[in-house]
1. Using a 7 Å offset from the Cα along the Cα-to-Cβ direction at both residue 189 and residue 11, what is the distance between the two label points in nm, to one decimal?
2. Between residue 86 and residue 23, what is the label-to-label distance in nm when each label sits 7 Å out along the Cα-to-Cβ direction?
3. Top mean-square fluctuation among 124, 173, 148, Gaussian network model of the chain, C-alpha springs under 10 Å?
4. Over the chain, with a Gaussian network built from C-alpha contacts below 10 Å, which listed residue (84, 119, 62) shows the highest mean-square fluctuation?
5. Select from 145, 40, 85 the residue whose mean-square fluctuation is largest in a Gaussian network model of the chain (Cα-Cα springs shorter than 10 Å).
6. Subtracting the Cα-Cα distance from 0.36 nm times the residue separation, let me have the gained length for residue 128 to residue 179 in nm, one decimal.
7. If you stretched the chain out fully between residue 49 and residue 202, how much longer would it get, using 0.36 nm times the residue separation minus the C-alpha to C-alpha distance?
8. Per residue and in Å³, how big is the convex hull formed by the alpha-carbon atoms of the chain?
């Protein structure tokens, strides 16, 4: 885990001001935004999930994260990776209790009790499958950016950022680059307020 040399924390009571600050600080960096930013994405299991996927070899560092949903009971994600020189989008998550999809949309990699993996050649098809499986509740999507964050940068920066929280909070938005990252988080109890935490290697 990389120890940050620079740390910046700001607290906002106004949602538009908090989001504006986040977008300004993110610049062109890859980012994730909550599908429902009034709810956010719970972070209590995020670090454990990322470390487990590394240990199990499910998500290599070079994968890019296009969508994710983490709860204490289940998890789902869409990642981008190169397979035989071609970009592929792979959905990992719970089995989908819905009519079978058209075979041309994706290829089932495995379908076991409680978990399913489907490979897509189109990002839109993978995200549609993800949203159908999760309903978007508590989900994060890589939108309003030119590319998705790399798993290596989430693993590097989420720990230091979450370590600076004063109260339990959900993730509303986050950007992740090689030398820095910033997250906007919302308090889960009491009056709605937002905390922006940014960490980096440069002082």
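1. Result: 1.5 nm between the two label points.
2. In this crude label model, residue 86 to residue 23 measures out at 3.6 nm.
3. Top of the fluctuation ranking is 124.
4. Answer for the Gaussian network model of the chain: 84.
5. Highest fluctuation among the options: 85.
6. Result for the pair: 15.2 nm of gain on full extension.
7. Extra length available between residue 49 and residue 202 comes to 52.3 nm.
8. Per-residue hull volume (Cα only) is 124 Å³.
Throughout, read-outs are computed from the coordinates displayed, never taken from laboratory work. Note that this is a predicted model, so its numbers are computed, not measured. Virtual Cβ from ideal backbone geometry, glycine too; neighbours counted across all protein chains shown.
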